Amino acid sequence: MEIIIHIGRHKTGTTSIQNFLALNEELLLNRYGIYYPDIGRDPLMKYHHPIFRDWAENKKNLDLQLINKIIENAKRKSASRILLSSEILSRDSITETKWIQLKEAFNEEILIIVYLRRQDKYLQSMYAEEIKAGLIKSKSTIKDTKTNLDYFQFLEPICRTLTQNRIIVKSFDRAIKLGLYKDFVKNLGITFNDEFQLPPDNLNQSLPWRYLNIVRYANDYPSIRRLFINTISMRLIISLAKIFPSFFNTPLPLTEEQRQEILSRYEESNKMVARKYLGEENLF
């Protein structure tokens, strides 16, 4: 039994991919022998965070009983592969020791699928997400967003544990151009076709930067924040941003100089990833 684990990273279309997989779970199982289990899956968000969350936060060990239940259920359904999706596994806290624990817990052949996004775009998207979640307040800036942007360093613990040929590394920036769902099923050896159902295209929509900057200040005051972070307000702002994009989508949190500095800093790391995992010179 092969265990395929899609680990994100964050802000690389994971919500869309997870909803797509849940929507097509019967087709994946019956036509392609791939089991996207509802066991250990959040019923609303469609990801498998419940399997990994407490373990990732060092609250308890991996639930071997739950893992075995998933594997046994896959066998009963005559599946040849199990597909899990959780960007929790792309957190900085998932060390090499954690990867060894995960490998031992599943005791099956594991294949990792990971999407990487160009660092400047990824940092800005993470910053926006943290503002939206209320983690970034008025006195904070994008410099306070802490995440590992060295992708070669990020991949090495996984590589040392599972070996290089058990990791599929993809460029999110390229996947968007091809079509995210089409690109993802290609990782599974599947050609995208009309049988696949598509989730709504408004999942986890981006908020415009001018609005996010206001929300950043509102985060200092929970009662005011609620006026901005609610379904009605966000839908209104997203609609207005489509009418007046040049106003709502400025200013960007990174200046052009800062953006170029980030790209320059990680240029060699990106080339090392591209050479090792893609057999190419450029990652993005």
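Considering Leu21, Leu111, the condition of being assigned to a helix (DSSP H, G or I) and either within 21 Å of the chain's Cα centre (by Cα) or crowded, with 17+ Cβ neighbours inside 10 Å (or both) is satisfied by Leu21 alone. Flag: Asp194 does not match the condition of being free of Cβ contacts under 8 Å to residues at least 24 places away in the same chain and within 22 Å of Arg9 (Cβ to Cβ).
Number of residues in segment 50-91 that are over 23 Å from Tyr32 (Cβ atoms) and not in a helix (DSSP H, G or I): the value is 8.
Note on segment 9-18: among residues that are closer than 16 Å to Tyr181 by Cβ and of a type outside the set (Ser, Thr, Tyr), the one that is surrounded by the fewest Cβ atoms within 10 Å (Cβ to Cβ) is Gly13. Contact annotation: residue pairs with Cβ atoms under 7 Å, 6 or more positions apart or on different chains, pairing a residue in segment 3-25 that is without any contact (Cβ under 8 Å) to a residue 60 or more places away in the chain with a partner that is in a loop (DSSP other than H, G, I, E, B) and of a type outside the set (Gly, Ala, Ser), are Ala22/Tyr36; Ala22/Lys46; Glu25/Tyr36. Here Asn148 fulfils each of the conditions (1) in contact with a Leu (Cβ under 7 Å, 6 or more places away or on another chain); (2) under 16 Å from Ile7 (Cα atoms) apart from (1). Using the structure shown, decide if Val169 is in contact with a Phe, Trp or Tyr (Cβ under 9 Å, 6 or more places away or on another chain), surrounded by 15 or more Cβ atoms within 10 Å (Cβ to Cβ), assigned to a helix (DSSP H, G or I) and of a type in the set (A, V, I, L, M, F, W, C). No; evaluated as a whole, the condition is false for this residue.
When Val273, Val185 are checked against the criterion of being of a type in the set (A, V, I, L, M, F, W, C) and closer than 24 Å to Tyr47 by Cβ, a single residue qualifies: Val185. Scanning segment 75-101 for residues that are aliphatic (A, V, I, L, M), under 21 Å from Phe154 (Cβ atoms) and more than 18 Å from the chain's Cα centre (by Cα) turns up just one, Ile100.
Any idea which of Glu57, Glu130, Glu104, Glu72 is within 17 Å of the chain's Cα centre (by Cα) and either free of Cβ contacts under 8 Å to residues at least 40 places away in the same chain or crowded, with 20+ Cβ neighbours inside 10 Å (or both)?
Answer to the check: Glu130.
Residues are listed down the side, and each one gets a yes or a no for (1) more than 17 Å from Thr95 (Cα to Cα); (2) of a type outside the set (Asp, Glu); (3) surrounded by fewer than 15 Cβ atoms within 10 Å (Cβ to Cβ); (4) free of Cβ contacts under 8 Å to residues at least 60 places away in the same chain:
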| position | (1), (2), (3), (4) |
| --- | --- |
| Ser138 | yes, yes, yes, no |
| Ile142 | yes, yes, no, no |
| Thr163 | no, yes, yes, yes |
| Ala175 | yes, yes, no, no |
| Val185 | yes, yes, no, yes |
| Leu188 | yes, yes, no, no |
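Name every residue in segment 186-245 that is among the polar types (S, T, N, Q), part of a helix (DSSP H, G or I) and either closer than 18 Å to Gln18 by Cα or in contact with a Ser or Thr (Cβ under 9 Å, 6 or more places away or on another chain) (or both), in order of residue number. Result: Asn187, single match. I'm told Leu27 meets every condition in (1) under 27 Å from Leu203 (Cα atoms); (2) of a type outside the set (Asp, Glu); (3) buried (at least 18 other Cβ atoms within 10 Å of the Cβ) except one. Can you identify the failing condition by its number? With (1) under 27 Å from Leu203 (Cα atoms); (2) of a type outside the set (Asp, Glu); (3) buried (at least 18 other Cβ atoms within 10 Å of the Cβ) applied to Leu27, the lone miss is (3).
Since every read-out is calculated from the coordinates, none of them should be taken as a lab result. Treat the numbers as computed from the prediction; the structure is a model and nothing was measured. Virtual Cβ from ideal backbone geometry, glycine too; neighbours counted across all protein chains shown.
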